[in-house]
Amino acid sequence: MEIESELNELLQAKQENLKKLQDIVKKAITEEELIIENLLHPPKEMLTQGQRLSDRIARFGGSWAFIISFFMVLIVWILFNTLSPQEINFDPYPFILMNLILSCIAALQAPIIMMSQNRQEEKDRKRSENDYLINLKAELEIRSLHQKVDLLIEDQIRILFESQSQQLEILKKIAQEVKEIKRQG
């Protein structure tokens, strides 16, 4: 009877150890799901109408569609003002009006594109800060896992020594019982 109770204690200690390991794994999985959810669905940024407009202008101003269409407008402008009769051409050869319009477009487009780039730079900075914090969290989590593993190993070694000493006690009791049985028999 005494031997059975000691064996039950050993089994209970092992079950407690397994429960600790399961809790650690569940906690790690939950924390990982939270991080993944935050990365997959970042909070939506609230943009003003001017910011949305500057993004659209920058997107169009940096595209081949803008370059090709602007080049086509310039060719049509130049051809119309050089090939049309004097009465209907509105910008004769040095194309002063065209230069003025080009200068105005460049003067307006540059700061709008800069606004969009500054906002993108801010987003990139926040993203890199987020990456840094995730890396830092991962490093801390790895350290925490190392500590947990070390504690589990220490706990398992302690349980192993305890179970070994209990097994030795059980073996001594069995040896004594065998001696008593031999004496009686």
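FYI, it's all coordinate maths here, none of it is from the lab. Everything quoted here is computed from the prediction, not taken from an experiment. All Cβ positions, even for glycine, are placed from backbone atoms using ideal geometry, and neighbour counts span all protein chains on display.
Details
- Theoretical gain in end-to-end length, R183 to Q120 [0.36 nm per residue, Cα-Cα removed]: 13.5 nm
- On Cα atoms only, tilt of 2-40 relative to the major axis of the chain in degrees: 0
- Calculated on alpha-carbon atoms, Rg and Dmax of the chain in Å: 39.5, 138
- For a straight C-alpha distance cut-off of 18 angstrom, the lysines reachable from K126 (same-chain residues fewer than eight places away being disregarded) are K44, K137.
- Simple spin-label estimate for E139 and I68 in nanometres, 7 Å along Cα-Cβ: 4.9
- Cut-off 15 Å between beta-carbons: net charge of the residues surrounding S63, Lys and Arg +1, Asp and Glu -1: +1
- Distance (nanometres) between label positions extended 7 Å along Cα→Cβ at Y93 and Q49: 4.7
- Normalised contact order of the stretch 2-184, rounded percent, pairs of Cα under 8 Å and 6 or more residues apart: 30
- Charged side chains reduced to their Cβ positions (Lys and Arg at +1, Asp and Glu at -1) give the chain a dipole of some 160 debye around its Cα centre.
- A dipole drawn for the stretch 2-184 from +1 and -1 charges on Cβ atoms has a positive end, and of N130, F90, I157 the residue lying farthest that way is F90.
- Nearest 10 degrees, 0 to 90: helix 64-83 Cα axis against the chain principal axis: 0
- In degrees, nearest ten, helix 49-61 long axis to first principal axis of the chain (Cα): 70
- Gained length - K19 relative to K172, 0.36 nm times residue gap less alpha-carbon distance: 51.9 nm
- Leading residue at positive end of dipole, the stretch 2-184 (Cβ point charges), from L79, L47, S116: L79
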